[in-house]
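One structure is given below, encoded as structure tokens.
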Amino acid sequence: MFAGPDAPENLAAALSLVQQDHRRLGELWQAMVLTLETEDVSLFRDSVAALLSYARAHFRNEEWVMRLADYPAYADHKAEHDRLLSDAEDMLHNLDVAFVPPDWPAVAAFFRHWLNKHARTADADLRAHLRDRIGGEESSLRVS
Ligand SMILES: [Fe+2]
Ligand SMILES: [Fe+2]
């Protein structure tokens, strides 16, 4: 007897993976901040590109979880992911063509806001929906 893909234990595992991704995104942002003082152009650019690349993969994962959980705000949330990626790609392009090291702290501040605003709004709503669907199963399966 197998549980369906949207069974509470599977949604709990999916939520854990999403939360691991969020922690990793925070670490990648910290790594970006650590490269600020080096004034090494390729190092800073790589740190921004790494965050963007991980975020792109994370957004696809999160969209899969939303479909799995029949999340009613899927379309709006996905549209926000698409807009965030487009904004981040613009910022990376600006970094390549226009910005110099004194501008980099503003780039890091942009990405802090870029991550946090979405986490506190759209992702917080999704987390609440998943916790509703998971019910009492979540605590036994949460990975910390
Ligand atoms: Fe999201
Ligand atoms: Fe997310």
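Every read-out reported here was derived from the displayed coordinates using simple, explicitly stated rules and does not represent laboratory data. Fair warning: this is a prediction, and the values are worked out from it, not measured in the lab. For neighbour counting, all protein chains shown are included, and Cβ atoms are generated from backbone atoms with ideal geometry for every residue, glycine included.
Starting at the first residue of region 8-21, write each ³J(HN,Hα) from the Karplus equation 6.51 cos²θ - 1.76 cosθ + 1.60 with θ = phi - 60°, in whole Hz, x for Gly and Pro.
x, 5, 6, 5, 5, 5, 5, 4, 4, 5, 4, 5, 4, 4
Angle between the Cα long axis of helix 74-97 and the longest principal axis of the chain, 0 to 90 degrees, nearest 10?
20
For THR38, what is the net charge nearby, where nearby means another residue's Cβ is under 14 Å from its Cβ and Lys, Arg count +1, Asp, Glu -1?
-3
Working from Cα positions, state the angle (0 to 90°, nearest 10) between the long axis of helix 104-120 and the longest principal axis of the chain.
So the helix axis and the longest Cα principal axis differ by about 10 degrees.
Which GluC sites (Glu not before Pro) in region 14-83 pass both tests, a DSSP loop state and at most 14 other beta-carbon atoms within 10 Å?
On the way: sites: GLU27, GLU37, GLU39, GLU62, GLU63, GLU80; in loops: GLU37, GLU39.
Passing both the DSSP loop test and the Cβ count: GLU37, GLU39.
Which value, in Å to one decimal place, does the Kirkwood hydrodynamic radius take for the chain when every pair of different Cα atoms is included?
On the way: mean 1/r = 0.0611 Å⁻¹.
Across the chain, the inverse of the average 1/r is 16.4 Å.
Tell me, what is the percent relative contact order of region 6-95, built from C-alpha pairs under 8 Å that lie six or more residues apart?
Computed over region 6-95, the figure is 34 percent.
For the residues TRP64, TRP114, what sequence is obtained by ranking on other C-beta atoms within 10 Å, fewest first?
Ordered from fewest to most neighbouring Cβ atoms within 10 Å, TRP64, TRP114 come out as TRP64, TRP114.
Return the sequence-ordered ³J(HN,Hα) values of region 54-70 in whole Hz as given by the Karplus equation 6.51 cos²θ - 1.76 cosθ + 1.60 applied to θ = phi - 60°, using x for Gly and Pro.
Values per residue, Gly and Pro as x: 5, 4, 4, 5, 4, 4, 5, 4, 5, 5, 4, 4, 4, 5, 4, 8, 6 Hz.
Along the Cα-to-C-beta direction of VAL41, a point sits 7 Å from the Cα; which residues of region 82-105 have their amide N less than 13 Å from that point?
Label zone hits: 95-102.
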